[in-house]
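The values are calculated or read from the model by the stated rules, or taken from the named source; none is laboratory data. Keep in mind that what you see is a predicted model, and the values were worked out from it rather than measured. Here the Cβ positions follow ideal geometry from the backbone for every residue, glycine too, while neighbour counts run over all protein chains shown. Note: accessible area is taken over every heavy atom of the protein model, side chains too, but ligands, DNA and RNA are not part of it. Shrake-Rupley method; radii C 1.70, N 1.55, O 1.52, S 1.80 Å.
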Amino acid sequence: MSTAPISREDAAAGFRGAFGGAPDLVARAPGRVNLIGEHTDYNDGLVLPAAVSLATFAAGRRLPAPVLRLASREFPGVVEVPLAARRPRGDWTDYVTGTARAMAARGLAVAGAELWFASEIPPGAGLSSSAALEIAAGLGLLRLAGDARPLPALSWDLILAGQAGEREWVGANCGFMDQASAVLARAGAALLLDCRSRETEYIPLPAEAVLAVCHTGVRHELATSAYNQRRRECEAAVAGLAAHLPGLRSLRDVNPEMLERYGGEIDPVVARRARHVVTENARVPAACAALRTGDWPRLRAVFAASHASLRDDYEVSCPELDAMVEAAAAAPGFLAGRMTGGGFGGCTVNLVAADLAPAFAAAVTADYQARMHRRARVFLLATAGSATIEP
Ligand code: ADP
Ligand code: MG
């Protein structure tokens, strides 16, 4: 898979190659990077993703029969799945059929269709190619079935259908941040999302900065088991603290003073996990305030504190992520940076002065190579708007 730009014409040509003839439409959905608010989503907390200028495209044509015929530039063959399929296939098409099933279950219109996909988003890098696939497919299917309501009227049905498809059909225990970003994003801004109330707010990103996402080139085996273990530890923290704080439902209800007072009463490891979540929730509004005023020293400190908390309290960083953060901090144009995503590999996210971005990328790549004897991949990205039907 390459990050080279894909045009509407490319998508139509790919469709023609797979199915013959022209598609009825081409849908597009962006990937995302989370700026701050890590491991807070499943604790009812705050997150701050930004949609990025890499997207997944879905070229589609309606079929009279209730089947999906699915093809992807990234995988060989055409897969035919009945809309009433009883079980997942165990391949990439599950993201699409899972979303279609969940849409129908939510009362959204779904019709048979041929869909051809291609993506600019490197898969498994933490830029959420999976949610982009779900939302491009979901939006395309809705429009093919004749639902012409404007996106804001459909947003949460589409978001929750994509999430449900991934949870129920693919078996990934994900939150809804990635799908929400793909559906609700605005160019030039990050999306402040409250995972409890689903309230959103747009935080403009200063125009002098670009996003630099630096891929460590590793993804340690530990990632999935540690993720599940952290979720259990957060539940244990709630259960332990609830003995002192009756009515406590999630770590979102815990503030630093409460933790100071009762943290000593629970298991020390669990207390540190809780401290990460509680302090991270407080860092999200602090980062928003710094972004609003273009206060880079403040943002740098908040991002650094987030990274340290993920490394020391939540223990989900790794030597490669720490080295990448250190390499970035020493590179020209660096404004703020930290690890992003679940951890144990994947990427760091950085804000970088736009005019120095190429020098930043070169310096980080050389420094990371010297430290870890590995090749970094640096993606210089602009923010993007929400999923669309391409004109
Ligand atoms: P991430 O969302 O971080 O990129 P995931 O593991 O959640 O990583 O999702 C990656 C998976 O999504 C791929 O292995 C593939 O199954 C599916 N996928 C993503 N993009 C495409 C595409 N363009 N065509 C087919 N499948 C895709
Ligand atoms: Mg994913």
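Just a few scattered comments:
- Taken together, the residues in the stretch 171-185 that are within 10 Å of ligand 2 (Cβ to nearest atom), touching a Ser or Thr at 6+ places or on another chain (Cβ under 7 Å) and hydrophobic (A, V, I, L, M, F, W, C) amount to 0.
- Among the residues of the stretch 80-106, just one is touching a residue at least 24 places away in the same chain (Cβ under 8 Å), surrounded by fewer than 16 Cβ atoms within 10 Å (Cβ to Cβ) and among the small types (Gly, Ala, Ser), namely Ala105.
- For Pro49, the stated conditions do not hold, so it cannot be described as over 30 Å from Asn350 (Cα atoms), touching an Asp or Glu at 6+ places or on another chain (Cβ under 9 Å) and buried (at least 21 other Cβ atoms within 10 Å of the Cβ).
- For Phe117: the one exception among (1) within 7 Å of ligand 1 (Cβ to nearest atom); (2) closer than 24 Å to Ser155 by Cα; (3) surrounded by fewer than 22 Cβ atoms within 10 Å (Cβ to Cβ): (3)
- Given (1) buried (at least 20 other Cβ atoms within 10 Å of the Cβ); (2) polar (S, T, N, Q); (3) over 23 Å from Val364 (Cβ atoms), number of the condition Ser306 does not satisfy: (3)
- Filter pass, Ala125 being touching a strand residue (DSSP E or B) at 6+ places or on another chain (Cβ under 9 Å), within 25 Å of Gly217 (Cα to Cα) and open to solvent by less than 20 Å² (accessible area, probe 1.4 Å): yes
- Looking only at the stretch 158-173, residues that are under 16 Å from Ala136 (Cβ atoms) and out of contact with any Cys (no Cβ under 8 Å at 6 or more places or on another chain) come to 6 in all.
- Candidates Gly247, Gly294, Gly217 - the one that is in contact with a strand residue (DSSP E or B) (Cβ under 8 Å, 6 or more places away or on another chain) and at positive phi: Gly217
Residue-wise test of (1) of a type in the set (D, E, K, R); (2) closer than 23 Å to Cys195 by Cβ; (3) in a helix (DSSP H, G or I); (4) open to solvent by 20 Å² or more (accessible area, probe 1.4 Å).
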{"position": "Ala290", "(1), (2), (3), (4)": "no, yes, yes, no"}
{"position": "Arg298", "(1), (2), (3), (4)": "yes, no, yes, yes"}
{"position": "Val302", "(1), (2), (3), (4)": "no, yes, yes, no"}
{"position": "Val316", "(1), (2), (3), (4)": "no, yes, no, no"}
{"position": "Ala327", "(1), (2), (3), (4)": "no, no, yes, no"}
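- Among the residues listed as Ala187, Ala137, Ala118, the single one being over 12 Å from the mean Cα position of the chain (by Cα) and in a strand (DSSP E or B): Ala118
- The listed residues are Ala125, Ala51, and the only one of them that is touching a His at 6+ places or on another chain (Cβ under 6 Å) and touching a residue at least 24 places away in the same chain (Cβ under 8 Å) turns out to be Ala125.
- Residue that is farthest from Ala223 (Cα to Cα), among those in the stretch 173-184 that are at pLDDT below 95 and open to solvent by less than 30 Å² (accessible area, probe 1.4 Å): Gly175
- The stretch 291-301, subset of a type in the set (A, V, I, L, M, F, W, C) and more than 22 Å from the chain's Cα centre (by Cα), residue farthest from Leu335 (Cα to Cα): Ala301
- Answer from Ala189, Ala237, Ala223, Ala271 - the residue that is touching a strand residue (DSSP E or B) at 6+ places or on another chain (Cβ under 6 Å) and either free of Cβ contacts under 8 Å to residues at least 24 places away in the same chain or open to solvent by less than 70 Å² (accessible area, probe 1.4 Å) (or both): Ala189
- Considering the stretch 79-105, and only residues there that are in a helix (DSSP H, G or I) and of a type in the set (D, E, K, R), the residue that is farthest from ligand 2 (Cβ to nearest atom) turns out to be Arg101.
- Of Ala136, Ala145, all but one fail to be under 30 Å from Val352 (Cβ atoms) and out of contact with any helix residue (DSSP H, G or I) (no Cβ under 6 Å at 6 or more places or on another chain); the exception is Ala136.
- Against the conditions (1) closer than 16 Å to Ile389 by Cα; (2) more than 9 Å from ligand 1 (Cβ to nearest atom); (3) open to solvent by less than 40 Å² (accessible area, probe 1.4 Å), Ala111 satisfies every one except (1).
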